[in-house]
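Beneath this line is the structure, given in structure tokens, with notes to follow.
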Amino acid sequence: MSVSVNNTKELIFEAAIELFHAKGFKGTTIRDIAAKAKVNPANISYYFQGKQGLLEACLIRFFESYVLCLEEEAKKLEWEEPEICLNRAVRKILYYQSECHLLTRLVWREITIDSQVSREIISSYLMKERYYLKLLASAALKEKKTVLPLSMFIIQLKGMLAMPYLNSQYISEVWGIQLQDPYFIEKYYGFIKDWVSATIGSRQDSAYLEQIQPAALKSV
């Protein structure tokens, strides 16, 4: 594939992310995307088989890298401490989501809408996510006194990973926090890491548990 073809596809892709995010999938037309990308509308049908194919391409691009963050760390469970692998996966996901924050907001919003357009793709990747999270979490929770059962631990953790992007407008306008700010990512990662340690029994400070548990529950 030539450089010009790759560049054209990327221009279309980036334009679609911005417009789907700003106007929604239904509110965006092929002509809108073509105009923003400065390409012929026929290119969108040629490369992506239309608007639906373009949305599916957005979802696939996001989830391929997202699931890879989990898969890479799950493979290291054979020789590394499970809690370290789990925390490292969390950090990778937070930075990945920050780097493509518009795409991240678009994807998590599509999941809440539960549209027929994206349901099959989303379901497939969410099952992969569940599989790797179960591997990581069950290894970390093994033989330890836990605050939450495995299923609730995973649901809670996933809620915290997605929460900033499901509430991005509130976070940016009310708190003045930018989701792509590395300082915010590190602080938020530190909170999740402490929550993980407390929840799986690595940290059994009851006062600390009382302090973080209500905040964590609100993130689901």
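The values are calculated or read from the model by the stated rules, or taken from the named source; none is laboratory data. Only a predicted model underlies this, so the values are computations on that prediction, with no experimental measurement involved. Glycine also receives a Cβ, built like all others from the backbone with ideal geometry; neighbour counts cover every protein chain displayed. Surface accessibility is based on the protein's heavy atoms, side chains included, excluding ligands, DNA and RNA. Shrake-Rupley method; radii C 1.70, N 1.55, O 1.52, S 1.80 Å.
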With a 1.4 Å probe and every protein chain kept in, tell me what percent of the accessible surface of region 45-109 is carbon plus sulfur. 51 percent
Picking from Y183, M163, W195, whose Cα lies most toward the positive end of the charge dipole for region 137-199 (charges on Cβ: Lys, Arg +1; Asp, Glu -1)? W195
Starting from the Cα-Cα distance between K38 and Y170, subtract it from 0.36 nm times their residue separation and give me the gain in nm to one decimal. 44.3 nm
For region 1-131, what is the accessible area per residue in Å², given a 1.4 Å probe and the full set of protein chains? 52 Å²
Full-extension gain between Y95 and E186, please, as 0.36 nm times their residue separation minus the C-alpha to C-alpha distance. 31.9 nm
Region 15-22 - phi-based ³J(HN,Hα) in whole Hz, Karplus 6.51/-1.76/1.60, Gly and Pro as x: 5, 5, 4, 5, 6, 4, 5, 7
Average Cα contact separation per residue, region 1-135, under 8 Å, 6 or more apart, as relative contact order %: 26 percent
